[in-house]
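Here's the structure, in structure tokens; my notes come after.
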């Protein structure tokens, strides 16, 4: 090993005794768990609606009859329990010779694991350094009892830092959905997320644009509050498809605030659900 080694084996061509392949970083599920497909929901910046898209996808696949789960990897900004109206705390226990953590279940049977299910108070801030946060995400994958999950959705923190890298390396993702908003910065932001996925050899299922428009309740006209988006151009540039566009909808916001996301009505992401269903 060279003295200048940065331990980034994925971008190094030197053969040495300490070299690791990408598969060496993947954490194994405990033998009591089974997860068929894992989809990450990512973005290059915060505030674009990753948690919303994650929740909607889990609900849509659940409505199709699949057992779905959400792993909330946004450790410092968890919102998944609130959106689903879960106020309890996750419990653990001995199962055979293994100690496991049981995910909380939503009203329709979606499995949820989030750091907010472990805190004394949901408003307690998570003031942890990167390695502890990354370790927590790994434990959500390895120590939680994921019982025969057909589709798991991982709500990722924004950007391309420690935790997204940990998820990309430690959890065997079958693909990612990139979430963006209709602003001029979208090209740069989406490109960062897409390029990271390509560097990590993770398939890109497609792009979703949130806050795409407001629909007039009287005439039905779609009004682009932030101007016309450039998502189609960006998708074409990177050879991926646009899976859907979400409007700014007060009913959707109200459902999230009330913890009733499972009751939402809308067909905005049906094509995304159809594409994911083909992965089974």
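We did not get these values from a lab; they are worked out from the coordinates using the rules stated. As the structure is a prediction and not an experimental result, all values here were calculated from the model. Every residue, glycine as well, gets a Cβ built from its backbone with ideal geometry; the counts of neighbours run over all protein chains shown.
The figures follow:
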item: Least to most buried among 176, 248 (fewest other Cβ within 10 Å first); result: 248, 176
item: Debye intensity ratio in log₁₀ form over the Cα atoms of region 130-207, taken at each q of 0.12, 0.16, 0.27 Å⁻¹; result: -0.37, -0.65, -1.40
item: GNM top mover of 125, 247, 172 - the chain, alpha-carbon springs below 10 Å; result: 125
item: 31, 233, 277 arranged by Cβ crowding within 10 Å, fewest neighbours leading; result: 31, 233, 277
item: Residue-averaged 222 nm ellipticity for the chain, from DSSP H runs of 4+ at -39500 (n - 2.57), nearest 500; result: -8000 deg cm²/dmol
item: Between region 27-102 and region 122-182, the alpha-carbon center distance in angstrom; result: 9 Å
item: Residue order, fewest to most beta carbons within 10 Å, for 33, 55, 212; result: 33, 212, 55
item: Stokes-Einstein diffusion coefficient of region 27-115, Kirkwood radius over Cα pairs, 20 °C, 1.002 mPa s, in µm²/s; result: 150 µm²/s
item: The chain, relative contact order in percent, only Cα pairs under 8 angstrom and at least six apart counted; result: 24 percent
item: Globularity ratio of the chain, using Cα Rg and 2.2 N^0.38 Å; result: 1.02
